[in-house]
Amino acid sequence: MPRELRPRKPRKSYADIAGNGIEDNESAAGPSNIHLEDEADDSENEFEPDKDPKGSNKVLSSDEDEYDVAMDDIQEPGSEMEVEETPKQRRKTASSIKPPQAPITSATYPGSPTMSVSLKTRKEQSRRLPPRVQQATCTPSEATPLVAAPRAAKTYALPSPSAHHRHRAIPVFFREEMVERLDELPALFNEPRIVPTNSMTADHSLTNRVSKAWGFNVGAGPVWQIMEDRSCYKESISSGPGPEKESLRRPRVYQDVSVRPGWQVLITRDALKYLPTDSTMTEDGQFKPPPQVDCYLGPCDRQTRVSFNMFDSVATSAYFEDGTGYVFNAGSPVWGIDWCPTYQADRPVRQFRHHLAVAPFPSRSHAPGIGVKTARPSPACVQIWALKPRTREDNTMDDDHPQRDPAEVRCEMVLCLESGPAQEIKWCPLPAHDPWEGAPPRNPRRLGILAGTFEDGSLSIYVVPDPEDVRPPEHDAARPVFVGLPEPALRIEHEGASCWSLDWANSEVIAVGLTNGCLAVYNVKQALESGETSNIFPTHFIAVHQSAIRALAWIRVPPTDGSGVPNLSEDPMVIASGGYDGVECLTDIREPHGNVVNRTRDVINSATYSMFATGPIMIDHDNTVKSYSVSPSMLGRGHILIEPDGPVWSVSASDYHPQLAVGSADGSCTTTNTLKSTRRGGIVPFLVHKIYQLDYGRKTGEFRMLEHFLPQEMQEKTTSAKGKAQGKDKHKDKQDADADAETKGRSTNTGVWPSEIGVHRVAWNNGNGLGGAPLLASATASGLCRVDWLLGRWIKDRTPYVSVPKMRKEVEGASDESDEEV
């Protein structure tokens, strides 16, 4: 006996709710009045298929109209007819199903046959597609218009990208107080002439003026006329007269911190184990001193071979009449270089000397592992070099080329450490040295506070002594003094991870990128002032990346309150980071996660923050360098700044000007302007300046340093344009390029470079005022480092807006209508 099914209950139609204009009143306007069938005519069994009105057992189905729904046959036990669908019909049925709106039972349209819809069992629905709309069908002439489903509106709006348009950088922090600018051309070791002026962000029109004026710079360095300090530190003193003075915006910090006891001056024999060495050993088991570096300097057609021993230096003015660079040898590949900040009032005491920290590897063959900690003690060194006026007339390396430059670069001190070689080093961004004039408050005085990530996996902070106070009276001034620092002032370690990258937010807060993908933020002020040397707890610890964090940069702008007013006494809150997972993130340390800005298949080796580009500058795919805006109206928008020929090792931006420095694996050190013209095709091209290119001969083992390159215009193209260009005859282009290179006597670009020529680090001078802002330091894998004095110029040597005082609105009559005067 067949199983009895529960009787079917009457159900009203929901077609009037589906939005098809169906009404109960038959006289309603419109051609699509629907008459619902009498409920008494419905089958008593809700699982029985609907029958033809003529009484046949045929199941009704329709698959001719795209709005019809084809249902499978459901047969009662004992029925005489069974109808099945073919697989082709079922596929067609599934494709005709529409999104659900409202279920209905049956409806009769005038002039059309009756269509009945039956429900499925739950078991049968689970085997098929999800339930869809059971919607009545009408003829095309009687069909009512369908209403599109509402779409969620975007909560943001970004300008449409264009290959020929570059949006102007929008400032994030607006300084209304006066600032300083240069009134005459700066010169090394001379006191600059400084005058007060209006800040670039004092008002909107002034921001547009100065930004547009920076776009007319066509030189390798900054134009000195409109440089200004755009930095913002919470330690700055806003009260009192003269808020534009650098001594108030960059005050002296850590005045009560002294050099940690235990330091000692080492003799040369005891210091040898800390210095760079050769990869081979002598017969008695000692490492040989590092080999000399033979490098050709001078013009391409008449270069001179120069042999550099460790601690040797030479000025490029000996080989170029207009040379403004200085080359020196650190002994082995260098992975850390940074300028030491000095207080404004103390610079004339030491003739505006500039100190530079250089961190070499133990040897050329040294290859550290990511996250692999070296057991202490691990001897290594950090060298302190000084750019200062020349004091010895016989300091020349080649008698045929006497030095014509009044300055020299010399290694004054070598810090002998036990923490292993440094992966990255950075000075405290504010002056932390003792006063150089008058009686010393302590002996030895401080030169500064240096932080670094070392191969023992730690973040170590050292209080560096002043070379003038630790040098013995009988010591030769031409040779460096070796100072042993067995322990740092503060050492921070993490179990299971190594400290890999770092960046200072100000003099108190420092961020560390770990090899496990986490960010750690520390406030080190109390530990340094109290003398605490053990581990301190981080104020923030956030998991951001899936692998080691190699690039790190603070967004150095103060946080704002609810009304948008910046709180100048608070620390920055946003960190830009990039790792070996190819992900670039912006992390607000008040939130426990990072926000992905970009993804790439390359390793992110470096990151920097530019106050002029108003955002972090990091690396994208195909060796491109991009800036990402952090302004709310342009958040996340990126612009390509430069495309070097090789992978990028380092990028550096300045607080005083918008010039960006890039060091890459092809041996080139290049600069470009981040405030380029907003529209392609104007009178100012997008120029890239190659400061120098290092080349290496594998057979001879000799280097050559080429410079004085002509500026190159960057061809920025869209993705489609790049694809079309790649589809051309590459073989013919390569033959033409090779023939042209052979004719002009220069080498062609290649995708394979010796590891010895990579420019590992570049650093602008950010801590020595407007007079030292044009200085750029760079370090290479050969051990050769370089300091360049770079200045820019206006296109056609014409000052925009007639003069700088008019541009800055320092004089009366400088109205906003002067765009025609540019």
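The values are calculated or read from the model by the stated rules, or taken from the named source; none is laboratory data. Fair warning: this is a prediction, and the values are worked out from it, not measured in the lab. Methodologically, a virtual Cβ is constructed for each residue, glycine included, from the backbone with ideal geometry; neighbour enumeration extends over all protein chains shown. To get the accessible areas, we keep the full protein, side chains included, count just its heavy atoms, and leave off ligands, DNA and RNA. Shrake-Rupley method; radii C 1.70, N 1.55, O 1.52, S 1.80 Å.
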Per residue, how many Å² of accessible area does the stretch 633-692 show with a 1.4 Å probe? 25 Å²
Cleavage-rule hits, trypsin sites (Lys or Arg not before Pro), the stretch 410-493, DSSP coil, Cβ neighbours within 10 Å at most 14: ARG442
XL table LYS676/LYS699; LYS245/LYS806; LYS690/LYS806; LYS234/LYS426; LYS234/LYS626; Cα-Cα > 31 Å flagged, in table order, is LYS676/LYS699; LYS690/LYS806
With the 8 Å Cα cutoff and a minimum separation of six or more residues, the stretch 424-581 has a relative contact order in percent of 17 percent
The stretch 561-627, relative contact order [Cα under 8 Å, separation at least 6], %: 22 percent
Pop out the carbon and sulfur fraction of the accessible area of the stretch 291-349 as a percent, whole number, probe 1.4 Å. 43 percent
Computing the accessible area with a 1.4 Å probe over protein heavy atoms, can you report the carbon and sulfur percentage for the stretch 177-288? 49 percent
Which residue, chosen from HIS475, VAL544, LEU519, occupies the Cα position most advanced towards the positive end of the dipole of the stretch 469-548, where the dipole is computed from +1 (Lys, Arg) and -1 (Asp, Glu) charges on Cβ about the Cα centre? VAL544
For the stretch 167-229, what does the relative contact order come out to in percent, with C-alpha contacts under 8 Å and a separation of six or more? 38 percent
Net charge of neighbours whose Cβ lies under 12 Å from the Cβ of GLY221, counting Lys and Arg as +1 and Asp and Glu as -1: 0
Starting from the amide H of TYR296, placed 1.01 Å from N in the peptide plane, find each other amide H under 5 Å away whose residue is 5 or more places distant or on another chain. VAL306, PHE703, ARG704, MET705
Given a Förster distance of 45 Å, report the FRET efficiency between ASP284 and GLU437 from their Cβ-Cβ distance, rounded to the nearest 0.05. 0.35
Pop out the carbon and sulfur fraction of the accessible area of the stretch 409-475 as a percent, whole number, probe 1.4 Å. 47 percent
Dipole of the stretch 519-655, Cα-centred, from +1 at each Lys and Arg C-beta and -1 at each Asp and Glu C-beta, to the nearest 20 debye? 140 debye
Scalar couplings 3J(HN,Hα) for the stretch 793-809 by Karplus 6.51 cos²θ - 1.76 cosθ + 1.60 (θ = phi - 60°), nearest whole Hz, x for Gly and Pro, are 7, 6, 5, 6, 6, 10, 6, x, 6, 6, 7, 5, x, 6, 4, 8, 6
Which trypsin sites (Lys or Arg not before Pro) does the stretch 543-597 hold that lie in a coil by DSSP with at most 14 other beta carbons within 10 Å? ARG590
Using amide H atoms built in the peptide plane, which far-off residues or other-chain residues are under 5 Å from THR608 H to H? ILE617
On average, how much accessible surface per residue is there in the stretch 419-469, in Å², for a 1.4 Å probe, leaving out ligands, DNA and RNA? 20 Å²
Can you tell me the order of 651-660, 468-477, 184-193 when each peptide is scored by its average per-residue count of other Cβ atoms within 10 angstrom, highest first? 651-660, 184-193, 468-477
Under a 1.4 Å probe, counting only protein heavy atoms, PHE352 has an accessible area in Å², nearest 10, of 40 Å²
